[in-house]
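The values are calculated or read from the model by the stated rules, or taken from the named source; none is laboratory data. Just so it is clear, the structure is predicted and the values come from calculations on it, not from any experiment. Please note: Cβ atoms are built from the backbone with ideal geometry, for glycine as well, and neighbour counts cover all protein chains shown.
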Amino acid sequence: MSEQKYDHKVINELVEGTLEWYQIKNMMSSHKDPERFKVYREVMQERVSWDDPILLPLGLHLYIVLKENGERIVKCDCGHEFCDYKENWKLYANIFVRDTEEKMNEVYPVLMAPDPEWQVIREYYCPSCAAQLEVEAVTPWYPVIHDFEPDIDTFYKDWMNLPLPEVKSKG
Amino acid sequence: MKTVDEVQKKTKAPIGWDGKTLKEMRAEIDRVSKETGYYAGIKDLTFKEEDPIRFEKIFSKLRGGVVHARETAKRVAASPIVEQEGELCFSLYTPEADSIVTSTGIIIHVGTMGAAIKFMIENDYEDNPGINDGDIFCNNDNHVGNVHTCDVHTLVPIFWEGEVVGWVGGVTHVIDTGAAGPGSMPMGPVQRYDDGYQVTCRKIGENDELSKDWLLESTRSVRGAKYWTLDEKTRVAGCHMIRDLVLDVIREEGVDNYKRFIREIIEDGRRGFVNQVKMMTIPGKYRGVSFIDVPFEGLDLPKFAQQNSIIHTPSEITIHKDAHLEIDFEGSSRWGWHPFNATPVSITSGIWVMLSQTLVPNDRINDGAYYASTFGIPLGSWFNPDDIRSAHSNTWHGLVAGWTPLWRGLSRGYWGRGFLEEINAGNAHTSNWLQGGGYDHHGELSALNSFESAACGVGASAVKDGISHSAALWNPEGDMGDMEIWEILEPLLFMGREILPGSGGAGKFRGGNGWQSLRLGWGAKEWTMLVAGAGAMATDCGLMGGYPGAAGYRFSAYNTDLKERIEKRLPLPLGGDTDPDYPTYEKNMNAEVVNRDRQAVTTQEEFDDYDLILNYLRGGPGFGDPLDRDPKLVEEDLNDRYILHRYAEKVYGCVFTEKDGEYKVDLEATKEKRKQIRKERLERSMPTKEWMKKEKQKILNKDASKQVQLMYAESFALSEKFTDEFKEFWNIGDDWMIYEEDLNVTKLGRHINRFKNNA
């Protein structure tokens, strides 16, 4: 097995956003490291306070994790659990809709904001830690967008040739 | 007497390989590639494997040659769009019009020039008008597959011992092509016949010489004939440089090796693309949507075009188990009476521009990627009109918006894999397009399209802010150009160029900021101006908690007192309109007319000396929750004027002090402020499912503006799938529907309609 191109420290700094530009540029310009996912998943696991094994990082604060009962759920890094990973987690979040000029003006000068007659801004928050997890700029009435439905089994089995993480037995 | 068939019968030997016509070769490539799943049926890359050095040497020669031809030929042009901004591209094709290698530049034309060559093959040009060594062809017909009329193609066949061994195509973005409005992407055209001078794959020269009738007709059909002429010389020069290069390679390597090479390099491109998809993404479905406003009510246009509408482009990327990439745009809006329509080739080919900056960041850009992908392009949609009357002059209005969810979608895959350095929250709506025309300050009939939009804000990444005022997705080498050059060529003086604070979307990493140029009319005799950009809507969503880039607006002032103020040395409007909530321009001038509103697309308005117009180049979307942003970065933003002060606290939760113009963030107070904002978020938000009940009631009551209702009505009329998914999501019964005909909009052009059983 080839040596790791980037170790845990570097990948952790990548996640932190503290790598210097020259390091990022080198990373972008060179061939991708096939072992990145394995290191990255381990780094992400080290960064959260809970033990549920991460199957896939889903967003800045969100993960698909494996529960003891075998369920795969969407979980926030604060520990809040949303829903089964095949459902749209946004339906289990809190929402705030900017649908007036006043609400838009809290984020943009009036003329630099969308016109609420044409478009609204929807903010989705974690119901526990209030992290802003996603922002949609859509017309009124637009169905909540289900951004991503990963095929985790194909990914692990056929693409990565990796075993799925397992729940650690207690005691 | 001969029959018609006999007259039309070929009198010449076929010019394809092994006694075949080009049409036969095209059909064979399509059939074999489809049957085998490999380009041209190439299962083994024998040349590449047996003689890899030689294979790479040929590739490097060809790739280096097309890039060199672009760099050299662009110096021929006088147009700042080509010479300053690099809006040109050259590509080398197989005899059947599959792309082998492409230069840098506007590489969307890999597909469009290929479409033009395929059009000639399909229409038996081999028989009439004939395809001979030394011929020169021209195309800019939108409905053949061009992006828009101003992208003019020069196409030259390459012969070796009587056989076509390939084609070379060159394209430049010409400053004016004689449309209903001045400039290369004018507002005003609402039908093909307004889009300007369109040339349909016409033979314009023989024996390497352009025909006199062509030179006379074409230069009399456009504004700015000198730009047109020198652009054409640029394209011809580049094409001939590349033709010479190919013939040199064949002399050196042998024609059989060249033929093997061009097949294998495309198959290699296809495999490389599949490998990259597997290396960097995650199988599954990625969904997104974009919108762009078409605020045409009250504009100086035919009555049937004077309506507000929205171009809606939902997209679903499916990455299959075998890494095949599929992108489906089902549910998109109908084409319309505006210049923002597009062709299938332009939307798909433009996707390669994007992918070459993220997924396949290498020089193997060829049609291999095309053979590794599938696209769902609904007939009747704005990028596949079912009517040749559609106008396309400002097609980028919709295209730029339509692509941005694809960046975000793929970025979700990169996030899952850990390739955070490749994440991009989307792209700016690369506008405004500041355009005009008339008799310029040199007394010449001319036109302008300021390409400052080639330097908009880039979307944020997951590891750093988006780059400000720097790039556009359609030309990765984007450049705003030098003010001094623009002032030589355009009858507009600069009253300033300045970053627009807050134009990039807020986030943990903020979108790259846009900027503004304030221009003063000076020296033209009879001149009109127009603006064209996104206004009422943000065209992106931001990513993982980041906000969209700011929306657009316009500022212009007519019949000002600036002449007098300059004479009296009084303060003038200068720099950017840095906080439009508290405008300053108007404090330093009087004007009979001031336009300061969201009408970011306009038709021609007379523009005199001392009139003012603002060119606002948009910012990119942000990444991540702004409350996660390092307060030190907010402090830098304040000191560098990348954000407005009041939003440092409101959006980023950063409490700061100011002393002698220097800002300092109070870390402890910021911590508390952020806690408070999070608390407020929970207080004023509600569970999504509860909100959905309220929103559903609005839908049942049809409580939305007419343009929003029309947008849904168009998508419902074109797509059963979109309708079903909409109704299923909101749990709405069969008795609820919105029909276009109930909205008092024009009936013209609304052909495909599944409610009328004629789809």
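Return the residues of the stretch B:317-343 that are closer than 22 Å to B:Gly533 by Cα and either surrounded by fewer than 24 Cβ atoms within 10 Å (Cβ to Cβ) or not hydroxyl-bearing (Ser, Thr, Tyr) (or both); say none if nothing qualifies. Passing the criteria: B:Arg334, B:Trp335, B:Gly336, B:Trp337, B:His338, B:Pro339, B:Phe340, B:Asn341, B:Ala342. Taking the stretch A:1-33 as the range and being assigned to a helix (DSSP H, G or I) and of a type in the set (Phe, Trp, Tyr) as the test, the residues that pass are A:Trp21, A:Tyr22. Summed over the stretch B:182-208, the residues that are aliphatic (A, V, I, L, M) and over 23 Å from B:Asp387 (Cα atoms) give a count of 1. Summed over the stretch A:142-158, the residues that are surrounded by fewer than 21 Cβ atoms within 10 Å (Cβ to Cβ) and within 7 Å of another protein chain (Cβ to nearest Cβ) give a count of 7.
Is at least one residue of the stretch A:117-136 of a type in the set (D, E, K, R), within 30 Å of B:Thr723 (Cα to Cα) and more than 7 Å from chain B (Cβ to nearest Cβ)? Working first, answer last.
Step one: list which residues in the stretch A:117-136 are of a type in the set (D, E, K, R), which gives A:117, A:122-123, A:134, A:136.
Then keep just the ones that are within 30 Å of B:Thr723 (Cα to Cα); that gives A:117, A:122-123, A:134, A:136.
From the residues that got through so far, the ones that are more than 7 Å from chain B (Cβ to nearest Cβ) too are A:122-123.
Taking every residue of the stretch A:117-136 in turn, at least one turns out to be of a type in the set (D, E, K, R), within 30 Å of B:Thr723 (Cα to Cα) and more than 7 Å from chain B (Cβ to nearest Cβ).
The stretch A:60-148 holds strands (runs of 3 or more DSSP E) entirely within its bounds, and those carrying 1 or more residues that are acidic (Asp, Glu) map to A:81-84, A:120-125, A:132-138.
Condition check for B:Ile282 on (1) more than 14 Å from every other protein chain (Cβ to nearest Cβ); (2) assigned to a loop (DSSP other than H, G, I, E, B); (3) within 21 Å of A:Trp159 (Cα to Cα): one failure, at (1). Within the stretch B:165-182, being surrounded by 24 or more Cβ atoms within 10 Å (Cβ to Cβ) and part of a strand (DSSP E or B) holds for B:Gly166, B:Trp167, B:Val168, B:Gly169, B:Gly170, B:Val171, B:Thr172, B:His173. Residues in the stretch B:307-325 that are among the hydroxyl-bearing types (Ser, Thr, Tyr) and within 17 Å of B:Gly284 (Cα to Cα): B:Ser315, B:Thr318.
Among the candidates B:Met483, B:Met537, which residue alone is within 27 Å of B:Gln357 (Cβ to Cβ) and out of contact with any Ser or Thr (no Cβ under 7 Å at 6 or more places or on another chain)? Steps first, answer last, please.
Values: B:Met483 fails: within 27 Å of B:Gln357 (Cβ to Cβ).
Being within 27 Å of B:Gln357 (Cβ to Cβ) and out of contact with any Ser or Thr (no Cβ under 7 Å at 6 or more places or on another chain) holds for just one of B:Met483, B:Met537, which is B:Met537.
Being within 14 Å of chain A (Cβ to nearest Cβ) and outside any strand (DSSP E or B) is the requirement here; does B:Asp293 meet it?
Against the criterion (within 14 Å of chain A (Cβ to nearest Cβ) and outside any strand (DSSP E or B)), B:Asp293 does not qualify.
In the stretch B:631-648, the qualifying residues are those that are touching a Ser or Thr at 6+ places or on another chain (Cβ under 9 Å) and surrounded by fewer than 24 Cβ atoms within 10 Å (Cβ to Cβ), and the one that is farthest from B:Cys456 (Cα to Cα) is B:Pro631.
Per-residue answers, yes or no, for (1) of a type in the set (Asp, Glu); (2) within 14 Å of chain A (Cβ to nearest Cβ):
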residue: B:Lys303; (1), (2): no, no
residue: B:Ile311; (1), (2): no, yes
residue: B:Glu316; (1), (2): yes, yes
residue: B:Gly336; (1), (2): no, no
residue: B:Trp352; (1), (2): no, no
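In the set B:Leu617, B:Leu572, only one residue is in contact with a helix residue (DSSP H, G or I) (Cβ under 9 Å, 6 or more places away or on another chain) and surrounded by 24 or more Cβ atoms within 10 Å (Cβ to Cβ); that residue is B:Leu617. Of all residues in the stretch B:279-306, none that is without any contact (Cβ under 8 Å) to a residue 24 or more places away in the chain has its Cβ atom under 8 Å from the Cβ atom of a residue that is among the basic types (Lys, Arg) and in a strand (DSSP E or B), 6 or more apart or on another chain.
Let's see how each residue does on (1) buried (at least 24 other Cβ atoms within 10 Å of the Cβ); (2) within 12 Å of chain A (Cβ to nearest Cβ); (3) farther than 24 Å from B:Phe716 by Cβ:
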position	(1), (2), (3)
B:Pro385	yes, no, no
B:Ile388	no, no, yes
B:Asn394	yes, no, yes
B:Val400	yes, no, yes
B:Ser411	yes, yes, yes
B:Trp415	yes, yes, yes
B:Gly426	yes, yes, yes
B:Ser431	yes, no, yes
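Kindly check whether there is at least one residue in the stretch B:251-272 that is modelled with pLDDT under 95, within 14 Å of chain A (Cβ to nearest Cβ) and part of a helix (DSSP H, G or I). Yes, the stretch B:251-272 contains at least one residue that is modelled with pLDDT under 95, within 14 Å of chain A (Cβ to nearest Cβ) and part of a helix (DSSP H, G or I).
Residues of the stretch B:586-614 that are within 13 Å of another protein chain (Cβ to nearest Cβ), outside any loop (DSSP other than H, G, I, E, B) and crowded, with 23+ Cβ neighbours inside 10 Å: B:Leu614 alone.
Specify which of the listed residues (B:Ala69, B:Ala97, B:Ala78) is among the hydrophobic types (A, V, I, L, M, F, W, C), more than 22 Å from B:Ala179 (Cα to Cα) and in a loop (DSSP other than H, G, I, E, B). Working first, answer last.
On the way: B:Ala69 fails: in a loop (DSSP other than H, G, I, E, B); B:Ala78 fails: more than 22 Å from B:Ala179 (Cα to Cα).
One residue alone meets the criteria, B:Ala97.
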